[in-house]
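Worksheet: one structure, shown below.
The values are calculated or read from the model by the stated rules, or taken from the named source; none is laboratory data. In this text the structure is predicted, and so the values were computed from the model without any measurement. Here the Cβ positions follow ideal geometry from the backbone for every residue, glycine too, while neighbour counts run over all protein chains shown. Remember, those area values only see protein heavy atoms, side chains included, never the ligands or the DNA or RNA. Shrake-Rupley method; radii C 1.70, N 1.55, O 1.52, S 1.80 Å.
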Amino acid sequence: MIPFRIGYGYDVHALAEGLTLTLGGVKIPHDKGCVAHSDGDVLIHALCDALLGAAALGDIGMHFPDTSQEFAGIDSRILLRRTVALLGERGYRVGNADCTISLQRPRLRPHIDAMRALLAADMGIDVECVSVKATTTEHLGFEGREEGVSASAAVLIVAAEG
């Protein structure tokens, strides 16, 4: 078994008026939300992809397909916990995660600490091992035009101790 592995994930969702915006498990007050089969939590989806990729287990769509009614409207935190359980079955645990959300508005700084706490709890790690950053694209691209939101995540997984 390799003692540690690194993974990277990226996800994008369109934004539409009247939907709920959930990022990192936190409901963010906003006039737009993510268009998605699940709750559309782009941050958790990128994080799941990074974790699955680190363990060479495919991607989120392979494990939780958007063609399945089982996952329609599902809370993405459930998907994250299931992903962490898959890692555990293969002898790995999460070491740390570094995540970035790209969104023109709303400002996310007031919600970052809550996101970190929820993600850490779901991954079974200390909150100090979870970084969440937010950036705008200075009104450039689909994020800047407020048509969508993207997120990326880099993770380290380590061999679980005996």
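Efficiency by 1/(1 + (r/R0)^6): what FRET value for Met1 and Arg105, r their Cβ-Cβ distance, R0 = 30 Å, to the nearest 0.05? The partial results should precede the final answer.
Details: r = 44 Å, r/R0 = 1.48.
Working from the Cβ atoms, E equals 0.10.
Using Cα pairs closer than 8 Å and at least 6 residues apart in sequence, work out the relative contact order for the chain, in percent.
Values: 369 pairs, mean separation 53.3, N = 162.
Averaging sequence separation for qualifying contacts and normalising by length gives 33 percent for the chain.
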(message) Give the residue list of trypsin sites (Lys or Arg not before Pro) in the range 99-137 that are DSSP loop and have at most 10 other beta-carbon atoms within 10 angstrom.
(response) none
(request) Would you mind checking the tilt of helix 42-54 against the longest principal axis of the Cα atoms of the chain, expressed as 0 to 90 degrees and rounded to 10? (result) 30 degrees
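Let me know the shape class of the range 60-162, please: from the alpha-carbon gyration tensor, a ≥ b ≥ c as square roots of the eigenvalues, rounded when a/c is under 1.5, otherwise prolate if a/b is greater than b/c, or oblate. Present the calculation step by step, with values, prior to reporting the outcome.
On the way: a/c = 2.28, a/b = 1.42, b/c = 1.61.
Because a/c hits 1.5 or more and a/b fails to exceed b/c, the range 60-162 counts as oblate.
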(request) Could you run the Karplus curve 6.51 cos²θ - 1.76 cosθ + 1.60 with θ = phi - 60° over the range 94-110 and give me ³J(HN,Hα) per residue in whole Hz, x for Gly and Pro? (result) 6, x, 7, 9, 10, 10, 9, 10, 10, 7, 5, 7, x, 5, 9, 3, x
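Where does each of Lys27, Lys32 land when they are ordered by accessible area, with a 1.4 Å probe and the largest first?
Numbers: Lys27 145, Lys32 35 Å².
Ranking Lys27, Lys32 by accessible area, largest first, yields Lys27, Lys32.
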(request) Apply the Karplus parameterisation 6.51 cos²θ - 1.76 cosθ + 1.60, with θ equal to phi minus 60°, to every residue of the range 111-121 and state each ³J(HN,Hα) to the nearest whole Hz, in sequence, with x for glycine and proline. (result) 10, 4, 4, 5, 4, 4, 5, 5, 5, 4, 4
(request) Could you pull out every residue, at least 5 positions away or on a different chain, whose amide H is within less than 5 Å of the one on Arg90? Hs are placed 1.01 Å off N in the peptide plane, and Pro or chain starts have none. (result) none
(request) Quick one: which residues, 5+ away or cross-chain, put their amide H under 5 Å from the amide H of Leu23? H built at 1.01 Å from N. (result) Ile28
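If you put +1 on each Lys and Arg Cβ and -1 on each Asp and Glu Cβ, how big is the dipole of the chain around its Cα centre, in Debye rounded to 20?
That gives a dipole near 260 debye.
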(request) Just need the relative contact order of the range 1-50 here, percent rounded to a whole number, with Cα pairs under 8 Å and 6+ apart. (result) 43 percent
(request) Take the alpha-carbon centre of the range 62-79, take the same for the range 129-161, and report the distance between them in whole Å. (result) 20 Å
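Rounded, prolate or oblate: which one fits the range 28-107, using the alpha carbon gyration tensor with axes a ≥ b ≥ c (rounded when a/c is under 1.5, else prolate when a/b beats b/c, else oblate)? Walk me through the intermediate numbers first.
Values: a/c = 2.44, a/b = 1.42, b/c = 1.72.
Oblate.
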(message) 5 Å is the cut-off here: which amide hydrogens, built 1.01 Å from N in the peptide plane, fall below it relative to Ser131, excluding neighbours closer than 5 in sequence?
(response) Ala97, Asp98, Cys99
(request) Could you work out the local net charge near Ala153, counting Lys and Arg as +1, Asp and Glu as -1, over the other residues with Cβ closer than 10 Å to its Cβ? (result) -3
